[in-house]
Amino acid sequence: SQQGEEDPQALSIQEGENATMNCSYKTSINNLQWYRQNSGRGLVHLILIRSNEREKHSGRLRVTLDTSKKSSSLLITASRAADTASYFCATTGGSNYKLTFGKGTLLTVNP
Amino acid sequence: NAGVTQTPKFQVLKTGQSMTLQCAQDMNHEYMSWYRQDPGMGLRLIHYSVGAGITDQGEVPNGYNVSRSTTEDFPLRLLSAAPSQTSVYFCASSSPGQLPYEQYFGPGTRLTVT
């Protein structure tokens with residue numbers, strides 16, 4: 001069963017705007033990760049946030065985690081056309097090796 | 001480093017045929033896994049291995065076999081292909097000794113079963 005559920009399923013914005021994607025999950029986690037998938041390609045790891053962290057930054061990415069609400073958000077600032085991709089959240093729970101993925105958000109950044 | 005490689009890139013099978021999807025990594029990662037990706041379903045874990053000689057089932061293991069005789073290779077076998085196994089298959093690897101829990105993905109194998 002899917003652990004994470006991303007919202008929205010699809011998001012279309014203009015270059016330069018910020019993009020926010022949300023992820024909700026069902027059970028307690030050790031950490032939550034965000035991955036990007038360009039069309040027809042494998043997934044690429046973006047950022048990991050541990051269960052005892054509330055916010056993390058990496059370049060134009062900002063991730064927040066609210067374990068009380070079992071939710072996370074990924075913010076991409078000053079988006080570029082190259083950010084067009086699907087974004088997935090993935091959680092680890094009892095096993096740090098086993099990732100459970102959500103269904104993804106398709107982000108389209110229009111030039 | 002080549003990272004995680006998968007072969008073939010594309011494959012068409014008839015129902016009932018068997019085949020092996022190959023996965024190899026050259027990063028000396030202990031952990032390897034197989035996922036399938038279906039439209040609107042995200043990725044689902046099929047089988048995984050935490051080291052040579054050790055494998056375990058994931059969320060959707062039925063119809064698939066794996067073995068891990070070396071650290072580098074983790075082949076996925078389809079015993080008797082069914083149309084429901086039409087999907088894109090991804091292999092991934094990671095090592096807690098390097099970047100903990102980050103998984104490196106291969107480019108995928110697109111499988112169609114007719």
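The values are calculated or read from the model by the stated rules, or taken from the named source; none is laboratory data. Please read all numbers here as calculations on a predicted model, not as lab measurements. Cβ coordinates were reconstructed from backbone atoms using ideal geometry, including for glycine residues, and neighbour counts include every protein chain displayed. Keep in mind that these areas ignore ligands, DNA and RNA; they rest on the heavy atoms of the full protein, side chains included. Shrake-Rupley method; radii C 1.70, N 1.55, O 1.52, S 1.80 Å.
Here's a check for you: in segment B:51-72, which residue that is open to solvent by 40 Å² or more (accessible area, probe 1.4 Å) and assigned to a strand (DSSP E or B) is nearest to the other protein chains (Cβ to nearest Cβ)?
B:Asp56
When residues of segment A:92-111 are filtered for being part of a strand (DSSP E or B) and either more than 13 Å from the chain's Cα centre (by Cα) or at pLDDT below 90 (or both), how many remain?
Result for segment A:92-111: 5.
Show the residue pairs that are 6+ apart or on different chains and have beta-carbon atoms under 6 Å apart, the first residue being within segment A:29-48 and at the interface with chain B (Cβ under 7 Å from one of its Cβ atoms), the second being among the acidic types (Asp, Glu) and open to solvent by 10 Å² or more (accessible area, probe 1.4 Å).
Cβ pairs passing all conditions: A:His45/B:Glu102.
Those residues that are open to solvent by less than 30 Å² (accessible area, probe 1.4 Å) and either out of contact with any Phe, Trp or Tyr (no Cβ under 7 Å at 6 or more places or on another chain) or part of a strand (DSSP E or B) (or both), I need them from segment B:1-23; list them, please.
Result: B:Val4, B:Gln6, B:Leu13, B:Met19, B:Leu21, B:Cys23.
Quick one: in segment B:31-50, which of the residues that are more than 8 Å from chain A (Cβ to nearest Cβ) and open to solvent by 10 Å² or more (accessible area, probe 1.4 Å) is farthest from the chain's Cα centre (by Cα)?
Result: B:Pro39.
Looking at segment A:29-59, which of the residues that are over 14 Å from the mean Cα position of the chain (by Cα) and closer than 15 Å to A:Leu99 by Cβ is most open to solvent (accessible area, probe 1.4 Å)?
Step by step, filter segment A:29-59, then rank; the result is A:Asn30.
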